[in-house]
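Contents: one structure, followed by commentary.
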Amino acid sequence: MQDVEDIFLLLAPSVNSEVILPRSRENIRKYLPNFLVARSGGALAGCVALRDFDDGLHEIRSLAVAPAFAGQGLGSELVQSALRLARQRQGKMVFTLTMRPNLFLRLGFKVVANDYFPQKVWADCRFCPKKDRCNEIALCQELV
Ligand SMILES: CC(C)(COP(=O)(O)OP(=O)(O)OC[C@H]1O[C@@H](n2cnc3c(N)ncnc32)[C@H](O)[C@@H]1OP(=O)(O)O)[C@@H](O)C(=O)NCCC(=O)NCCS
């Protein structure tokens, strides 16, 4: 339960700046098995979530690293851990929508059109405050 509160607080600044979609404490608690967290001492250093869209399609979302731990490769480690989790869950394709495409490009993701995954558009984009001014880049990686 400590993870729920810590994840909520870690995501808050990026939610406020519209970089990460808002998630309530209840939503984080419900989907806690989809989160991976990195801790240093007692503190939450970073988190990422993997969302299952069925048919082998997974989304990497809610990626955040605390400022004190930024620029040391932790964000990349979390994405790689999420890719491993997707493989364990028999994933075939992983995608993300992000304003940090370089991080994902370095890890083998390819850029695709923002509406390439209609499942995401249907689930989230149509409710997003930025739906008419989307500035995110969609990327995906096929898992082999
Ligand atoms: C995006 C975010 C998760 C990146 O976390 P991070 O731990 O700093 O990520 P990394 O350290 O792996 O990579 C960050 C930069 O550090 C550099 N870097 C990577 N490993 C490094 C290392 N060992 N030493 C020094 N620098 C390194 C990389 O060049 C990278 O730059 P780039 O992504 O602009 O090319 C973090 O900045 C964050 O929480 N941002 C706010 C929320 C957000 O934007 N989330 C993503 C939306 S999907």
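A short reminder: the numbers here are calculations on the coordinates, not readings from a lab. Please read these numbers as outputs of a predicted model, since none were measured by experiment. Cβ: placed from backbone, ideal geometry, glycine included. Neighbour counts: every protein chain shown.
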Practice problem: Give a quick list of GluC sites (Glu not before Pro) in region 49-139 that DSSP marks as loop, anything other than H, G, I, E or B, with at most 12 other Cβ atoms within 10 Å. | Solution: none
Exercise. Give me the distance in nm between label points sitting 7 Å out from Cα along the Cα-to-Cβ direction at residue 18 and residue 106, one decimal.
Key: 2.8 nm
Practice problem: Only Lys, Arg, Asp and Glu count, each charged at its Cβ (+1, +1, -1, -1), so figure out the dipole size of the chain about its Cα centre, rounded to 20 debye. | Solution: 100 debye
Practice problem: Go through region 56-66 residue by residue and turn each phi into a ³J(HN,Hα) via Karplus (6.51, -1.76, 1.60, θ = phi - 60°); whole Hz please, and just put x for glycine and proline. | Solution: x, 9, 10, 10, 8, 9, 6, 8, 8, 10, 5
Practice problem: For the chain, build the charge dipole from Cβ charges (+1 Lys, Arg; -1 Asp, Glu) around the Cα centre, then report which of 53, 14, 4 sits farthest towards its positive end. | Solution: 53
Quiz item: Mind checking which of 113, 49, 82 has the largest fluctuation in a GNM of the chain, springs on alpha carbons under 10 Å?
Solution: 113
Quiz prompt | Coil-residue trypsin sites (Lys or Arg not before Pro) of region 83-144, DSSP, other Cβ within 10 Å capped at 15 | solution = 89, 92, 130, 131, 133
Quiz item: For the chain, what class follows from the C-alpha gyration tensor (a ≥ b ≥ c being the square roots of its eigenvalues): rounded when a/c is under 1.5, otherwise prolate if a/b is larger than b/c, else oblate?
Solution: rounded
